[in-house]
Amino acid sequence: MKTLKDFNFKNKKALIRVDFNVPLNDALEVTDATRIQAAKSTIIDILEQDGSCILMSHLGRPKGFQDEFSLRHIVKKATEILGVQVKFVSDCVGSKVEEAVANLESGEVLLLENLRFYDEEKKGNVAFAEKLSKLGDIYVNDAFGTAHRAHASTTIVAQFFSENKCFGNLLAKEIISIDKVLNNSKKPVLAILGGAKVSSKITVIENILEKVDHLIIGGGMSFTFVKAQGGKIGNSICEDDKQELALDILKQAAAKGVQVHIPVDVIAADDFSNDANTQICDINEIPDGWEGVDAGPKSREIFDEVVNKCKTILWNGPLGVFEMESFAGGTIALGNSIDTATQNGAFSLVGGGDSVAAVKQFGFADKVSYVSTGGGAMLESLEGKTLPGIDAIMK
């Protein structure tokens, strides 16, 4: 695996695919700069070697050139985070860009305009990728969030760099962290899968059953398993057409010696609202008109015990409707358990949009070993797929 350490960037122009697809408010100001912060290490490492950085990214889903999706809106925030004035050019290919790149000196950073202003980016157009490739001496992919897409700037461009391509610090960390869980893990290994639907996690479950010793199934998807086993789940969310699959997963797990842990009790609510009436009940006996919205106290204790006997922990998906304060307790309790296990030497990886949102919201981001930056890319990695953006650097 080639990383920044394999190159000398002195007087070289690094063409870096970053993921600056950040949220903007109505005033077109950055509201969450996590992704810019995540790319800082790679950019600073190159600048400190007297190299220069040409940054490529997409922002949103524009239809052609639309100013609200212009990356010029993030220049101020990127400059602030990097501590270096970020130059900007209002295109990503063409003579204007070539001139800006030619004038770029060592120690400087240039941000190109939104790649997705061109349809060729998403289509993986070879001619467009070749134009991008002419802008740099070394290609660095540091955008894990888009590594599962075979787009021009994430995958196709790499073929024009022969040996002169590598992973940035962020993407290298992502690859190492996922590999630690899937292939080089200390046992016992635990996977915690939550969220609403079994269907969105089927291939993940099937792939990781080979690798884990314990599997916690929480959140909305647990009710499909409970109902499949004859439990009464009231008005709780359930994928009726996935009940057979749920039973099959339990059978596969038993055959592989994997212990599956499903909540035994829940906080149930009579309405999907923060102000709803609530009661604690057995997960198999949720009354009609009530729905499970969070893991109950007994479940939290059981999960705490499981988490703290494991040495490798993957967390993908919350245990309840954590966005509502009344139903965040289970997810917070799980975060505390993982924090304790991590302090005691376990390796903990958190990934997937909702889990990442939860760890940030409740202050656990610095208390786990690694928080993944890529939702879809993370899931595809856990499914055992080779991501095209990673494969392109490995070739």
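Remarks
- Exactly one residue out of S162, S95 is open to solvent by 30 Å² or more (accessible area, probe 1.4 Å), out of contact with any Ser or Thr (no Cβ under 9 Å at 6 or more places or on another chain), on the phi > 0 side of the Ramachandran plot and not basic (K, R): that is S162.
- Of all residues in the stretch 28-49, those that are within 14 Å of G83 (Cβ to Cβ) have Cβ atoms under 7 Å from Cβ atoms of residues that are open to solvent by 50 Å² or more (accessible area, probe 1.4 Å), 6 or more apart or on another chain, in A33/K77; I36/K77.
- If the condition is being surrounded by fewer than 24 Cβ atoms within 10 Å (Cβ to Cβ), touching a residue at least 40 places away in the same chain (Cβ under 8 Å) and assigned to a helix (DSSP H, G or I), then the stretch 227-248 contributes K242, L245.
- Some residue of the stretch 292-315 being within 13 Å of V226 (Cβ to Cβ) and among the aliphatic types (A, V, I, L, M): yes
- Test: K10 is modelled with pLDDT of 95 or more, touching a strand residue (DSSP E or B) at 6+ places or on another chain (Cβ under 9 Å) and farther than 21 Å from E80 by Cα: no
- Contact map, the stretch 105-124: residues that are touching a residue at least 40 places away in the same chain (Cβ under 8 Å) paired with residues that are among the basic types (K, R) and open to solvent by less than 20 Å² (accessible area, probe 1.4 Å), Cβ distance under 9 Å, separation 6+ or inter-chain. Pairs shown: L115/R17.
- Condition met for D67 (in contact with a helix residue (DSSP H, G or I) (Cβ under 6 Å, 6 or more places away or on another chain) and acidic (D, E)): no
- Test: G220 is surrounded by 15 or more Cβ atoms within 10 Å (Cβ to Cβ), assigned to a loop (DSSP other than H, G, I, E, B) and in contact (Cβ under 8 Å) with a residue 24 or more places away in the chain: no
- Summed over the stretch 67-93, the residues that are under 26 Å from the mean Cα position of the chain (by Cα) and part of a helix (DSSP H, G or I) give a count of 14.
- Exactly one residue out of E68, E80 is among the acidic types (D, E), in contact (Cβ under 8 Å) with a residue 12 or more places away in the chain and over 21 Å from F161 (Cα atoms): that is E68.
- Among the conditions (1) open to solvent by less than 50 Å² (accessible area, probe 1.4 Å); (2) among the β-branched types (V, I, T); (3) over 20 Å from D137 (Cβ atoms), the only one that I46 does not satisfy is (3).
- Among the residues making up the stretch 98-144, those that are open to solvent by less than 50 Å² (accessible area, probe 1.4 Å), assigned to a helix (DSSP H, G or I), within 17 Å of F161 (Cβ to Cβ) and among the small types (G, A, S) are A129, S133.
The values are calculated or read from the model by the stated rules, or taken from the named source; none is laboratory data. Here the structure is a predicted model, which is why all the values come from computation and not from measurement. Every residue, glycine as well, gets a Cβ built from its backbone with ideal geometry; the counts of neighbours run over all protein chains shown. Please note that ligands, DNA and RNA were not included when accessible areas were found on the heavy atoms of the full protein model with its side chains. Shrake-Rupley method; radii C 1.70, N 1.55, O 1.52, S 1.80 Å.
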